[in-house]
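Enquirer: Can you read through this structure? Questions will come right after.
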Amino acid sequence: MKRFVIGNWKCHKNLDDARRWFDTFASLYRPAPEIEVVIAPSFICLAQLAVHVKELGLVRVSLAAQDVSPFPKGGYTGAIAADMVRGLADYVIVGHSERRRYFHETIQDVVNKVHEAVDFGLRPVLCVEPASAMSQLAPLTDIDCEKMIIAYCPVDPLTFRIPESPEKVGEGIGFIAEMHPNRAIVYGGSITPDNAAEYLALPGLSGVMVGAASLEADSFAGICNLAGAR
């Protein structure tokens, strides 16, 4: 089973910082056949990093957009359509709690974004949380995208940097799997090199989504190498 280690840089790193990060990561990362590494830098870095990753010859390392417009190309000032991301990234993070909290995105916005991503060949990483998982997942039950990844991302671990217990994560995975069987499910919430192993060992979990620990190339490479060694 393919496993994923997804790094979400959020609103960090300019292009020079990002290039240095990838240079360091390339020196530490040990590719494994069953591991797919996905990095989500800021939009301003995507085009240049798409070239840089190829120049470094990184194996099974892909880029993700941190968001995408719920609308197609057109008169939407400030928006970045899925069609514009195609060719620069293979994945897109959709429905992150920070987008819903700070930018007031609705469930319908998220549904539209997933459909836009799928229409243009991007693989959505759909973020859900326990309190609203049912309402977030129900509209997408019949979506024609077998490659969609569901990221179980409880809000408290993101806010307070205290990871949810493996037992609770296991319960969340089970609930999601009942609604969306056979989909890859990853856990996101204060993953570090010290605790990643206990989450990667959970039955039914296809990987982890890393926030703060992905900002340092050595810690993120450590998580990737740990996943590959399991």
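The values are calculated or read from the model by the stated rules, or taken from the named source; none is laboratory data. Being a predicted model, the structure only gives us computed values, none of them experimental. For neighbour counting, all protein chains shown are included, and Cβ atoms are generated from backbone atoms with ideal geometry for every residue, glycine included. To get the accessible areas, we keep the full protein, side chains included, count just its heavy atoms, and leave off ligands, DNA and RNA. Shrake-Rupley method; radii C 1.70, N 1.55, O 1.52, S 1.80 Å.
Enquirer: From zero up to wherever the largest Cα-Cα distance of region 146-230 sits, split into 5 Å bins and tell me the percent of pairs in each.
Expert: 3, 15, 27, 25, 19, 9, 2, 0
Enquirer: When a/c is below 1.5 the answer is rounded, else prolate if a/b is larger than b/c, else oblate, so apply that to region 78-149 with a ≥ b ≥ c taken from the square roots of the Cα gyration tensor eigenvalues.
Expert: In terms of gyration-tensor shape, oblate.
Enquirer: If you count only protein heavy atoms with a 1.4 Å probe, what accessible area per residue comes out for the chain, rounded to a whole Å²?
Expert: 46 Å²
Enquirer: Another question about this same structure. What is the local net charge at LEU202, summed over the other residues whose Cβ is closer than 15 Å to its Cβ (Lys, Arg +1; Asp, Glu -1)?
Expert: Every neighbour counted, the sum reads -1.
Enquirer: Then there's this: Taking K and R as +1 and D and E as -1, what net charge do the other residues with C-beta under 11 Å from the C-beta of VAL110 add up to?
Expert: Working: positive: ARG99, ARG100, LYS113; negative: ASP67, GLU105, ASP109, GLU116.
Net of charged neighbours comes to -1.
Enquirer: Sticking with this structure for a sec: What length, rounded to one decimal in nm, is gained on full extension from MET1 through to ARG60, with 0.36 nm per residue of separation minus their alpha-carbon distance?
Expert: Details: separation 59, 0.36 × 59 = 21.24 nm, distance 1.45 nm.
Taking MET1 through ARG60 to full extension adds about 19.8 nm, to one decimal.
Enquirer: Amide H of GLY7 versus every other amide H placed in the peptide plane: which residues, excluding those fewer than 5 positions away on the same chain, fall under 5 Å?
Expert: For GLY7, whose amide H was placed from the backbone, the distant partners under 5 Å are VAL38, ILE39, ALA40, VAL210.
Enquirer: VAL186's amide H: which non-local residues (gap 5+, or another chain) put their own amide H closer than 5 Å, with H modeled 1.01 Å from N in plane and none for Pro or chain starts?
Expert: ILE150, ALA151, TYR152, SER206
Enquirer: Something else: Output the relative contact order of region 144-210, whole-number percent, from Cα pairs under 8 angstrom with separation of 6+ residues. The partial results should precede the final answer.
Expert: Details: 92 pairs, mean separation 25.2, N = 67.
Across region 144-210, relative contact order equals 38 percent.
Enquirer: Rounded to the nearest 500 deg cm²/dmol, what is the calculated helix-only ellipticity per residue at 222 nm for the chain, with -39500 (n - 2.57) per DSSP H run of length n ≥ 4?
Expert: On the way: 10 runs with 94 residues, N = 230.
Per the formula, -11500 deg cm²/dmol.
Enquirer: Ok, one more. P(r) for region 1-92, please, calculated from all Cα pair distances in 5 Å bins and given in %.
Expert: 3, 13, 24, 24, 18, 10, 5, 2, 1
Enquirer: Now a separate question. Where in region 106-122 does the label zone of THR141 land, with the point 7 angstrom along Cα→C-beta and an amide N cut-off under 13 Å?
Expert: Taking a point 7 Å out along Cα→Cβ of THR141, no residue of region 106-122 has its backbone N under 13 Å.
Enquirer: Now, a different point. What is the Å³ per residue value for the convex hull set by the Cα atoms of region 164-211?
Expert: Roughly 65 Å³ of hull volume per residue.
Enquirer: Take the solvent-accessible surface of the protein heavy atoms, probe 1.4 Å, and return the percent of it on the chain that carbon and sulfur atoms account for.
Expert: It is 53 percent, rounded to a whole number.
Enquirer: Among (1) 24, 23, 16; (2) 26, 25, 15; (3) 38, 18, 17, only one was calculated for this model; which label is it, if the read-out is semi-axes √(5λ) of the Cα gyration tensor in Å?
Expert: Evaluating semi-axes √(5λ) of the Cα gyration tensor in Å on these atoms matches (1).
Enquirer: How far is the Cα center of region 42-99 from the Cα center of region 153-230, in Å?
Expert: Between the Cα centre of region 42-99 and that of region 153-230, the gap is 22 Å.
Enquirer: Which shape class, rounded, prolate or oblate, goes with region 123-173 when its Cα gyration tensor gives a ≥ b ≥ c as root eigenvalues, a/c under 1.5 marks rounded, and past that a/b bigger than b/c marks prolate?
Expert: prolate
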